[in-house]
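Asker: Pasting a structure here, questions to come.
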Amino acid sequence: MSESATATATATATTAVADPRTVPVLAEVVRSGFVEGRHRGSLVLLAPDGSVELALGDVTSPVFPRSANKPMQAAGMLRAGLRLAGERLALAAGSHSGEAFHRDLVRTMLDEHGLSPEDLRCPPALPLDQEEQERYLAAGAHRDPVAMNCSGKHTAMLAASSLREWPLESYLDPGHPLQRLIRTAVEDAAGEPVAAVGTDGCGAPLMAISLTGLARAFRSYVLAEPGTPERRVADAMRAHPEYVAGTRRHDTWLMRELPGTLAKVGAEAVQGLALSDGRALALKIEDGGGRALGPVLARALHLAGATAPVIDRVGRMPLLGGGREVGEVRPVF
């Protein structure tokens, strides 16, 4: 059995015995004053010195951070010698919404490195942003790898592989030299070994770490020395948050309106975030319910002592009935 297969089997065995009743409720779904649902999850909050200030649920067992790992993946590409900065580096570390300016920059980056959209191994997709998706379809466009939210990361992976003369056709193989570098970058940032290797929705290798490790990783990036790959990624993301997410996404709002914040969401309701002073958090909603993510994140930020109008905006998740607001998803910790 390969190393990654052994790790995956071990992680599966570990998580299989977990009792879901031990995972606390972090949010309630309230409609017309009636609690109609609950979202369980786990959350860790680190103090400025890196110590654990708050832990809810299981914050030490491995999880798949999904796209919350992208800052570390981008740092691995810089370690490989790839020269990216500004919007290009932010896009490489992001999960873009598929807006026109995202798609345009992906195509520009492919061209700059002598690549083409046909080299991308991420699946064809529609823009993630619903408003953009409607415009895209109305214009007669179809599913395309360039529109896929991970196409910036895949473009950068291809560019790094091309630079080092590593195979392009196998750049998503966990044993590829670039993916081995990325694994080391993840482990260095998290301060723990990768517990399992899976396949992300975009086809790239996915490294499992704990929520505490994810919070440590984000903290280490905002506190990294200027000029290091880690700090370069953090600075690019914070300077160009619209390329990390999009114009209507909470990662963009937080990095733009809460100065110094580094934020990255992941699929299945995962969030990593660090404030400029080293306070950091990571959370996962157990059922992957994205509607609970904003309210739980906002509550965690308030507990961390952060204050800004954008936090309350991120935390609002109204429920509608007949087109009007009749309830909300609210945190309960």
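The values are calculated or read from the model by the stated rules, or taken from the named source; none is laboratory data. No experiment lies behind these values; they were computed from the predicted model shown. Ideal geometry is used to build each Cβ from the backbone, glycine not excepted, and the neighbour counts take in all protein chains shown. These area figures cover heavy atoms from the full protein model, side chains too; ligands, DNA and RNA do not enter into them. Shrake-Rupley method; radii C 1.70, N 1.55, O 1.52, S 1.80 Å.
Asker: Set Lys and Arg Cβ to +1 and Asp and Glu Cβ to -1, take the dipole of the chain about its Cα centre, and tell me which of G33, V23, V329 lies farthest positive.
Answerer: Projecting each Cα onto the dipole axis, the largest value belongs to G33.
Asker: In whole percent, and with a 1.4 Å probe on the protein chains, what portion of the accessible area of the chain is carbon and sulfur? Don't skip to the end; give the middle numbers.
Answerer: On the way: 7060 of 13770 Å².
Ligands and nucleic acids excluded, carbon and sulfur reach 51 percent.
Asker: Which whole-number percent of Cα pairs in the stretch 144-274 have a distance greater than 18 Å? Don't skip to the end; give the middle numbers.
Answerer: Details: 5035 of 8515 pairs.
Above the 18 Å cut-off, the stretch 144-274 has 59 percent of its Cα pairs.
Asker: Using only the C-alpha atoms of the chain, find the volume of their convex hull and express it per residue in Å³. Provide the component values of the computation, followed by the final result.
Answerer: Working: hull volume 43.5 nm³, N = 333.
About 131 Å³ per residue, rounded to a whole number.
Asker: Another question, then. For labels at L319 and E134 in the simple 7 Å Cα→Cβ model, what's the distance in nm?
Answerer: Between L319 and E134, the simple spin-label model gives 2.5 nm.
Asker: At 0.36 nm per residue, minus the direct Cα-Cα distance, what do D173 and T199 gain on full extension? Give it in nm, one decimal, please. Don't skip to the answer; put the middle values down first.
Answerer: Details: separation 26, 0.36 × 26 = 9.36 nm, distance 0.97 nm.
Roughly 8.4 nm would be gained on extension.
Asker: Sticking with this structure for a sec: Determine the per residue accessible area of the chain with all protein chains present and a 1.4 angstrom probe, expressed in square angstrom.
Answerer: Dividing the accessible area of the chain by its residue count gives 41 Å².
Asker: Treating the Cα atoms of the stretch 203-333 as identical point scatterers in vacuum, please give the log10 of the normalised Debye intensity I(q)/I(0) at q = 0.18, 0.20 Å⁻¹, two decimals.
Answerer: For the requested q values the scattering log ratios are -1.02, -1.24.
Asker: With point charges of +1 on the Cβ of Lys and Arg and -1 on the Cβ of Asp and Glu, referenced to the Cα centre of the chain, which listed residue (L281, P226, Q179) lies farthest in the positive direction of the dipole?
Answerer: L281
Asker: Report ³J(HN,Hα) in whole Hz for each residue of the stretch 111-117, in order, from the Karplus equation J = 6.51 cos²θ - 1.76 cosθ + 1.60 where θ = phi - 60°; Gly and Pro get x.
Answerer: For the stretch 111-117, the Karplus-derived couplings read 5, 4, 9, x, 10, 9, x Hz, x marking Gly and Pro.
Asker: Subtracting the Cα-Cα distance from 0.36 nm times the residue separation, let me have the gained length for T228 to S61 in nm, one decimal.
Answerer: Numbers: separation 167, 0.36 × 167 = 60.12 nm, distance 2.91 nm.
Extending this stretch completely gives an extra 57.2 nm.
Asker: Explain nothing, just the number: dipole magnitude of the chain about its Cα centre with +1 on each Lys and Arg Cβ and -1 on each Asp and Glu Cβ, in debye rounded to the nearest 20.
Answerer: Details: 35 positive and 39 negative charges, 87 e Å.
Dipole about the Cα centre, nearest 20: 420 debye.
Asker: Another question, then. Can you list the trypsin sites (Lys or Arg not before Pro) in the stretch 181-283 that are in a DSSP coil and have 16 or fewer other beta carbons within 10 angstrom? Walk me through the numbers before you get to the answer.
Answerer: On the way: sites: R183, R216, R219, R231, R232, R238, R248, R249, R256, K264, R279; in loops: R248, R249, R279.
Passing both the DSSP loop test and the Cβ count: R248.
Asker: Of G94, G260, G203, whose Cα points farthest to the positive end of the dipole of the chain (charges on the beta-carbon: +1 Lys, Arg; -1 Asp, Glu; origin at the Cα centre)?
Answerer: Sorting the options by dipole projection puts first G260.
Asker: Run the numbers for D277 and V326: contour at 0.36 nm per residue of separation, minus the present Cα-Cα distance, in nm.
Answerer: On the way: separation 49, 0.36 × 49 = 17.64 nm, distance 3.83 nm.
Between D277 and V326, full extension yields 13.8 nm more.
Asker: Let me ask another. Quickly work out the R83-to-F333 label distance, labels modelled 7 Å from Cα along the C-beta direction, and quote it in nm with one decimal.
Answerer: 4.5
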